[in-house]
Amino acid sequence: MASIAPAPAAPPAATSGGLEGVTLTALRADGTEAGHHPLAGASATVGRDTGSIFAGDSYLSPRHATLRRAGAQVFVKDEGSLNGVYIKLQPNVPWPLQYGDIFRIGQEIIRFEQLVNAPPSPDGVERFGSPAKGYIGRLALVIGRDTTGNAFPIPERGVHCGRERGDILFSEDGYVSGLHCRIGKGDDGNVYLTDVGSSNGTFARLSAEHLVAPHDILLMGQQLFRVDY
């Protein structure tokens, strides 16, 4: 089995050293570099109001994310942005999924949800519904801040997503690979998201401060940034 991305650990307290030597490198869709933003100070904020390579992105919140250094490690934290901070997954390295987690493939934003039976009506009548037994959750397309579109149940065996092959197809999204990612249980019984070697990557939305390794790629707004240090 492929190695599993470790669950984020509680970050250590900030120490001296600052962000000198840390650079955010903007990347074009083809992977070429589009600009550089050296960081400095104990922490640095990324957002539309910070100017530089961020100013023209209307999908970035004014104060979108903060990066800080603790010893030799760099951390990123979403500052309550509207559209979130995503990290690009390493191919074939499973990423742990919890109910409510959001990820992105191509132009599709998808939330992993728990299957919950609808409660009885006020007069006690039970509602009809397909049985949830044998399913570990569902994938719901996020089409607005508080709105979801189509939803797809995930059986115990897991599902593959892609443009041409798999259990869930996004045939009109040219940014989704023919076979893009898998969602399913690992040997430990937990649910994982795994990129299976897609061309454009699978991105997990960060819900807490997260350790960023050298050369990790973040998606913020409509831009990709490589963290170099």
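Here are the numbers for this structure:
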item	result
Looking only at segment 142-179, and only at residues there that are among the basic types (Lys, Arg) and at pLDDT 95 or above, the one that is nearest to Ser81 (Cα to Cα)	Arg163
Residue check for Arg63: without any contact (Cβ under 8 Å) to a residue 24 or more places away in the chain and of a type in the set (Lys, Arg)	yes
Among residues of segment 147-197, those that are more than 17 Å from Pro94 (Cβ to Cβ), open to solvent by 40 Å² or more (accessible area, probe 1.4 Å) and not in a loop (DSSP other than H, G, I, E, B), counted	7
Residues (open to solvent by 20 Å² or more (accessible area, probe 1.4 Å) and outside any loop (DSSP other than H, G, I, E, B)) located in segment 211-229	Leu211, Ile217, Gln223, Leu224, Arg226, Asp228
Candidate set: segment 10-34, residues that are hydrophobic (A, V, I, L, M, F, W, C) and either more than 24 Å from the chain's Cα centre (by Cα) or outside any strand (DSSP E or B) (or both); chosen: the one modelled with the lowest pLDDT	Ala14
Scan of segment 40-58 for residues that are assigned to a loop (DSSP other than H, G, I, E, B) and more than 29 Å from Gly106 (Cα to Cα), ordered by number	Ala40, Gly41, Ala42
Residues being open to solvent by 60 Å² or more (accessible area, probe 1.4 Å), in contact with an Asp or Glu (Cβ under 9 Å, 6 or more places away or on another chain) and either free of Cβ contacts under 8 Å to residues at least 60 places away in the same chain or within 16 Å of Gly144 (Cβ to Cβ) (or both) - total across segment 79-110	2
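The values are calculated or read from the model by the stated rules, or taken from the named source; none is laboratory data. Just so you know, these numbers come straight off a predicted model, no measurement behind them. Note that we place each Cβ from the backbone using ideal geometry, even for glycine, and neighbour counts take in every protein chain shown. With ligands, DNA and RNA removed, areas are computed over all heavy atoms of the protein, side chains included. Shrake-Rupley method; radii C 1.70, N 1.55, O 1.52, S 1.80 Å.
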